[in-house]
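Everything below concerns the one structure shown next.
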Amino acid sequence: MGRIVKIEVSARHVHLSWSDFETLFGNGVELTFEKGLLQPGQFKAGQRVAILGPKGSFDEVAIVGPLREKTQVEISITDAKKLGLNPPIRESGDLKGSEGCKIVGSSGTVELGEGVIVPKRHLHLSFEDASQMRIESGEIVRVKVKTPERSLVFDDVVARVSYDFVEVMHIDTDEANAIGLSGNVFGEIMKKEGEGTDEHMA
Ligand SMILES: [Zn+2]
């Protein structure tokens, strides 16, 4: 039996750069705190934006703070189809040559040239978690998920390791629907070779 990890769903959201935030909400406005997220320091902001593509738009899209160097829009493939966009599946921060879109805030608009991605499913691990499981940062693992009607094994799950990460697997809303996710769901981490991640082995 491999190690068990909680599965968390990320709905569509944006991360904003300092300058894009200022363009969207005005000079001197602060990003407000609405709700803390699982990873330390990350929070859902009080403000919302709209995102627009050639075919459609979404209003009331959450902003995840704090502000960062580059604006990044994370959507599902279903969202992308509605917007008429074709974003690549990428890890957070890997934005070169990704899709663009229009972002609208309460006092301005940003034409984003690149920064729209479908987030690659991933596993957050602390250094301690990772060493217990002998998983390296960037390693691809599989996570087996058992639900009443739609159990499956997610392959291509990238392990992201940082000293302060809380252990959790992040999937998007399409992936959550694929397993019929509702309520608390857990998965079993499996090394690619098919080995379990038995902690007693470490
Ligand atoms: Zn994540």
Quick one: would you say L95 is at negative phi, within 16 Å of the ligand (Cβ to nearest atom) and not assigned by TED's automatic domain parsing to the domain that holds G46? no
Got at least one residue in region 147-166 being within 16 Å of the ligand (Cβ to nearest atom), more than 25 Å from E69 (Cα to Cα) and surrounded by 18 or more Cβ atoms within 10 Å (Cβ to Cβ)? yes
All-but-one check, D94 against (1) at pLDDT below 95; (2) under 15 Å from the mean Cα position of the chain (by Cα); (3) surrounded by fewer than 14 Cβ atoms within 10 Å (Cβ to Cβ), failing number (1)
Which is in contact with a helix residue (DSSP H, G or I) (Cβ under 9 Å, 6 or more places away or on another chain), part of a loop (DSSP other than H, G, I, E, B) and surrounded by 14 or more Cβ atoms within 10 Å (Cβ to Cβ), of I171, I135? I135
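The rows are residues; the columns are (1) in contact with a strand residue (DSSP E or B) (Cβ under 6 Å, 6 or more places away or on another chain); (2) within 19 Å of H170 (Cβ to Cβ); (3) aromatic (F, W, Y).
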position: S17; (1), (2), (3): no, no, no
position: F21; (1), (2), (3): no, no, yes
position: G28; (1), (2), (3): no, no, no
position: V61; (1), (2), (3): yes, yes, no
position: Q72; (1), (2), (3): yes, yes, no
Among the residues of region 28-39, is any among the charged types (D, E, K, R), under 30 Å from E188 (Cα atoms) and under 14 Å from the mean Cα position of the chain (by Cα)? no
Going residue by residue through region 45-55, is there one that turns out to be within 16 Å of the chain's Cα centre (by Cα), under 29 Å from V158 (Cα atoms) and away from the ligand (no atom under 16 Å from the Cβ)? yes
Odd one out for L112 among (1) in a loop (DSSP other than H, G, I, E, B); (2) modelled with pLDDT of 95 or more: (1)
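The values are calculated or read from the model by the stated rules, or taken from the named source; none is laboratory data. This structure is a prediction, so every number in the text was calculated from the model and none was measured. Glycine gets a Cβ as well: all are built from the backbone with ideal geometry, and neighbour counts include every protein chain shown.
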